Amino acid sequence: MEKFIKIKDTDEKFRVNNIYCIGKNYLEHIKEFKNQEIPTEPVVFCKPNSSVITPDIGIKIPDFNGNKISGNLQNETEIVIAIGKDGHKISRENSFDYIKGIAIGLDMTLRDIQSKAKEKGLPWVISKGFYTSSPISEIIPFNKISNPDNLSFNLKVNGEVRQKGNTSDMMFKIDFIISYLSEIFYLSEGDLIFTGTPEGISKMNEGDKLEVTLLDENSSELISFKTFIV
Ligand code: MG
């Protein structure tokens, strides 16, 4: 499936290729789970690119045989890196040359399904990769980002702040994530990297209205979007 994301204030569109995600990248989020170890290397998983939606579509728990497959849909608000060119074995110091831009997105998670998968050592792809699980903003061109390691972001649910984060709190920083992934994979133009969520995950309900905002280091808004739970 071809998926495109608009690049803000341009006519350019970004064609989404692979989607890599980093789990457990903010200490305070790890503490939201019982018995969670602090990772010494990034936790990496993938989502299909079909999970990406424009926010106006809304987020929906899939049905199977007429029943919702999950009773616990949760929010994970994350900075998303858009990769602008192919690269393998990229050094940390060159990593920013590979960034097309930065977006803000949601790594929506069916937490009950993910918890069962964790217990049994099974893949997370259903809990993380279902259709509509990745609403994402337009991409801010990277030359408009003054300091990628000091971006703040928040999620409001029905008008109240539910999640707040800043990239300075990431355990694995953006340059390290790009370098690390590029050692193992061959990063490609069009890849997206979700960089992990801060604390503040919670159960979403049908009809909830979500508003996600990305701010630069001077707290000026770079972009925001609204979406909802179907
Ligand atoms: Mg996540």
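Derivation of every value follows stated rules applied to the coordinates shown; laboratory data play no part. In this text the structure is predicted, and so the values were computed from the model without any measurement. For neighbour counting, all protein chains shown are included, and Cβ atoms are generated from backbone atoms with ideal geometry for every residue, glycine included.
Computed quantities for the displayed model
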quantity	calculated
Members of the stretch 33-65 that are part of a strand (DSSP E or B) and acidic (Asp, Glu)	Asp63
Flag if Glu93 is within 16 Å of the ligand (Cβ to nearest atom), surrounded by fewer than 24 Cβ atoms within 10 Å (Cβ to Cβ) and either of a type in the set (Phe, Trp, Tyr) or at negative phi (or both)	no
Qualifying residue in the stretch 66-84 (condition: more than 27 Å from Tyr180 (Cβ to Cβ), in contact with a Ser or Thr (Cβ under 9 Å, 6 or more places away or on another chain) and outside any strand (DSSP E or B))	yes
Single residue of the stretch 134-162 satisfying the filter (of a type in the set (S, T, N, Q) and within 15 Å of Lys209 (Cα to Cα)) that is surrounded by the fewest Cβ atoms within 10 Å (Cβ to Cβ)	Asn158
Pick from the stretch 33-83, criterion under 23 Å from Pro148 (Cα atoms) and touching an Asp or Glu at 6+ places or on another chain (Cβ under 6 Å), ranking: farthest from the ligand (Cβ to nearest atom)	Ile83
The stretch 188-201 residues that are closer than 15 Å to Leu214 by Cβ, paired with ones that are among the acidic types (Asp, Glu) and assigned to a loop (DSSP other than H, G, I, E, B) (beta carbon under 7 Å, 6 or more apart)	Phe194/Asp107; Thr197/Glu76; Thr197/Asp107
Test: Phe96 is touching a residue at least 24 places away in the same chain (Cβ under 8 Å), closer than 22 Å to Met171 by Cα and assigned to a helix (DSSP H, G or I)	yes
Identity of the residue in the stretch 82-139, under 22 Å from Ile59 (Cβ atoms) and of a type in the set (Ser, Thr, Tyr), that ends up nearest to the chain's Cα centre (by Cα)	Ser134
Test: residue in the stretch 65-83 that is on the phi < 0 side of the Ramachandran plot, in contact (Cβ under 8 Å) with a residue 24 or more places away in the chain and of a type in the set (Lys, Arg)	no
Candidate set from the stretch 14-32 (those that are outside any loop (DSSP other than H, G, I, E, B), of a type in the set (A, V, I, L, M, F, W, C) and more than 12 Å from the ligand (Cβ to nearest atom)); member that is farthest from Thr195 (Cα to Cα)	Phe14
Flag for Ile104 being assigned to a helix (DSSP H, G or I) and under 24 Å from Glu199 (Cβ atoms)	no
Strands (runs of 3 or more DSSP E) fully within the stretch 179-230 counting 3 or more residues that are surrounded by fewer than 21 Cβ atoms within 10 Å (Cβ to Cβ) and at negative phi	209-215, 221-228
